[in-house]
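This report refers to the structure that appears directly beneath it.
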Amino acid sequence: MFGNEIVDMLHSFGTIGLMISLFLLFFIDSMLFPVLPELFLLIFFLAHPSPSWGIELYLIALSASFCGNTFLYLFIRKAGMPEFISGAMKKYTKILISSNEKILFLNNFIPVLPYSGAFISVNKWSYKKAISYLIAGAAIKYGILLSLADTFYIYFSTGMAQKATIALVIATIGLSLIVSYFRKRKIEG
């Protein structure tokens, strides 16, 4: 079964290797380019499906999101941004549902702002408010995903729980792609 192959491969990294890998994936996702962190969060959960492992992954995901966004915010604040890019970012922000820090909460569920840390800096948003909204949204999103995955292991056999978790991964990616497609069409229209 495909799920067993994933789990076997992940075990070769060891627990510390998995933790470092997950941190780096979330850090890169929040700073540089999207790497589908939800996908990796749920796949890494399959390596040791238990509530304690889920909590560890949850804390790693939140801390890496915090660190990556904070690092990018501080970098842009210190180094600056070319005027034509910061102008485009400010214009883009104005066409969103919310043009203040609150959009960062929604960004966890409907991805509209890549490089959130840069947007915080360019728009001169309150860092404390912005990072609070960002982490609160991430906490809810990752908490729901990991709780569902853990629930599968409580109520289903291991094989069925792996299949259900992989289905959750696919559904999460599918929803992200659908929302991104419609967001892109709305912005272009």
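Bear in mind that the values in this text are calculations on the coordinates, not laboratory data. Because the structure is a prediction, the values reported are computed rather than measured. FYI the Cβ positions are ideal-geometry reconstructions off the backbone, even for glycines, and counts take in every protein chain you see.
Numbers at a glance
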{"item": "Top of Thr93, Thr165, Thr70 by mean-square fluctuation, Gaussian network on the chain, Cα under 10 Å", "result": "Thr93"}
{"item": "Count, lysine Cα pairs under 13 Å in the chain, 8 or more residues apart or across chains", "result": "5"}
{"item": "Among Ile28, Ile131, Ile170, residue whose mean-square fluctuation peaks in a GNM of the chain (springs only between Cα atoms under 10 Å)", "result": "Ile170"}
{"item": "Listed residues Pro49, Pro111, Pro82, most fluctuating in the chain (Gaussian network, C-alpha, under 10 Å)", "result": "Pro82"}
{"item": "Estimated distance in nm for a label pair at Leu32 and Cys67, the labels positioned 7 Å out from Cα along Cα-to-Cβ", "result": "1.5"}
